[in-house]
Every structure is written in C-alpha cells, then in structure tokens.
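**Q** First, the structure itself, so that you have it in front of you.
The values are calculated or read from the model by the stated rules, or taken from the named source; none is laboratory data. Fair warning: this is a prediction, and the values are worked out from it, not measured in the lab. Glycine gets a Cβ as well: all are built from the backbone with ideal geometry, and neighbour counts include every protein chain shown. Remember, those area values only see protein heavy atoms, side chains included, never the ligands or the DNA or RNA. Shrake-Rupley method; radii C 1.70, N 1.55, O 1.52, S 1.80 Å.
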Amino acid sequence: MKTLKNHLILFDAECPMCKMYTQSFVSLGILEKNGRTAYQELPQEACPMLDRQRAVNEIAIVNQETGEVTFGIESLFKIFSVAIPLLKPLFNFSPFVWLMSKVYAFVSYNRRVIVPPSAEEGGLQPTFRLRYRIAYLIFTWGITAYILSAYANTMNGLLPEAPFYREYLICGGQILFQGMVVSFVSRQKRWEYLGNMMTISFAGALLLLPGLLLSKLFDMNAICYAAWFMFVAGLMFLEHIRRTRLLSLGWTLTISWFTYRLLVLSFILLNQ
C-alpha cells in the first residue's frame, strides 16, 4: 500500500472517533508515522495560512512541501486515492463528491454526540449546525423506530399487537418530551442533549438486531426476547447516566427519560 508522504492530517484531540481513524491511517501505512497531529497542538506559526476554525469543523490535510490545505471529504479522498488508486476516478465524479460531502458533514457536525468527549479542553470548538442536528435526530428516530417495530413482533403474547406506527409515535414522543424537560433544565444544551439521547436509542436498537436475527433462525419463547430487550434497556439507562454526567445535567433528565418509558410501557400493558 502506498504512503502519502510529506502530508500532515489534523484531527480533533477531543474526539475519540477522530483519534481512532487517523491512527488507523498511520497503522496501515497510508500516512507516515509523524503524519498526524491534533489541531489543538499545532502552533500558529507552523501553518499561518490555515483556516483553523474550518480545520475544527472539517478534518484538514496540510501538504508540508507546498503549504496547500484540503478539508473534509477532499482530505479523505486524497488519502484513499493514494491507498486505492483505482478509486481515483470515482473521487473526481462530481455527483459522488457532492453526496459524500453531505454524508461527511452529517457525521462531522454530529461527531460529538455520536461519541462524546470525556472533557472539552477549551479553545476552538466545532461550529453547531442546526440542520445537521435535526437531520441526525430524524435519521436515528426513523431507524430506531423501524427496528423496535420489528422487534416487538418477537414478544407476541407479552405485548399487545399494535399498528406499525406505534414505535414511531413512542420514539418521536420521547424526543418532544425530553426536549421540553431539557429546555427547563439547561436550554443552551438542548440540542447537544437530544443528540446524545438519540445516539443511545440508536445504539440500543442496533443491539436488538442479534435478537431479530435469532428470531428468523429459531423459534424461541417470547420471554427470551423480552429478557434481551430488558438487558439492552439497562445498558441504555447506564449510558444515559454517563452522558448526562459528561454534559453536567444532573439526574433530572435521567429520571424523566426513565419515567417516560415506564409510563408508555404501563399504558401498553394496561390496554391489552
């Protein structure tokens, strides 16, 4: 595999996801051993022409010979075109570049609610883009509700049959309910909290997929699927506590999150 020489990739030291994938570039030999550094650690004089705020928002690669800087999806394409030259024509195909730039922005502007930093060190922070946060909430809401709707069928007999839209209403209702609660607790952290909350829901839904797969292969008792569901819910509860602590939001939102789910479950069971 070829190596992109004399280039320096700048990553977010507060972003575990950014640390991981840039380190993988070095480990695979795509970048040189000294080919990555955190933008927080880059001295101003090292690259005076660098748009530092843009480098915070979009991962940057600096050509150390010419001083040229590329950002975002173009940076990743630059790396991949060296590692996999056959894909270079695809990376120059305008519709593909446009589509992937939107996917990149979707992930980048939500990266800190996907994998939250353990602490913020101050200095420049990623710019908040409301449209990408709303898009993230809609995306995770749709996927989560779809998986939950399918998983509910594995618990027939324990839960009453319901129209396909039940889980969509429940998930959407929690976004609205928790949105109101967090607006009273800390309005300035509303969108950050909702992003974290829906990451928890999305991760929980993904953990239900093995149960769905087993239901296609084996005919197991509904109690087994209910037990797995409760185990996943317990993990989600613990993760909610962890993330609200990172956000310094106290216990109110965890209590309201749990209360909402308990009320919904009670309503479903009482209407069998």
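**Q** What percent does the relative contact order of the range 109-181 come to when contacts are Cα pairs within less than 8 Å and at least six residues apart?
**A** 29 percent
**Q** What translational D, rounded to a whole number of µm²/s, comes out for the chain from Stokes-Einstein when the hydrodynamic radius is the Kirkwood one over Cα pairs, at 4 °C and 1.567 mPa s?
**A** 61 µm²/s
**Q** If I stretch the segment between residue 271 and residue 26 completely, what's the gain in nm (0.36 nm per residue apart, minus their alpha carbon distance), one decimal?
**A** Fully extending the segment from residue 271 to residue 26 adds 82.5 nm.
**Q** Could you tell me which helices of the chain pass both thresholds, a Cα extent of 24 Å or more along their own axis and a mean Kyte-Doolittle hydropathy of at least -1.0, with helices taken as whole DSSP H runs?
**A** Counting only whole DSSP H runs, the qualifying helices are 130-152, 166-186, 190-207, 222-246, 252-270.
**Q** Here is a follow-up. First compute the accessible area of the chain with a 1.4 Å probe, then give the percent of it belonging to carbon and sulfur atoms.
**A** Accessible surface attributable to carbon and sulfur in the chain totals 67 percent.
**Q** Expressed as a whole number of Å, what is the distance separating the alpha-carbon centroids of the range 7-28 and the range 108-173?
**A** Cα centres, the range 108-173 to the range 7-28: 26 Å.
**Q** If r is the Cβ-Cβ distance from residue 222 to residue 99 and R0 is 45 Å, what FRET efficiency results, to the nearest 0.05?
**A** 0.60
**Q** A further question on this structure: Give me the accessible area per residue for the range 1-85, probe 1.4 Å, as a whole number in Å².
**A** With all protein chains present, the range 1-85 gives 50 Å² per residue.
**Q** Here is a further query. Order of 47-56, 142-151, 173-182, 95-104 by packing, highest average Cβ count within 10 Å first?
**A** Order by mean packing, descending: 142-151, 173-182, 47-56, 95-104.
**Q** Let me check against my output: what whole-number percent is the relative contact order of the chain, with C-alpha pairs under 8 Å and at least 6 apart?
**A** Here the relative contact order equals 16 percent.
**Q** Between residue 38 and residue 158, what is the label-point separation in nm under the 7 Å Cα-to-beta-carbon projection?
**A** Result: 4.4 nm between the two label points.
**Q** Please state the relative contact order of the range 1-122 as a whole percent: Cα pairs under 8 Å, 6+ residues apart?
**A** Here the relative contact order equals 31 percent.
**Q** Within the chain, what is the number of lysine pairs with alpha carbons under 16 Å apart, leaving out pairs fewer than eight places apart on the same chain?
**A** So the count works out to 7.
**Q** Scan the range 144-239 for GluC sites (Glu not before Pro) in coil per DSSP, keeping those whose Cβ has at most 14 other Cβ atoms within 10 Å, and list them by number.
**A** 161
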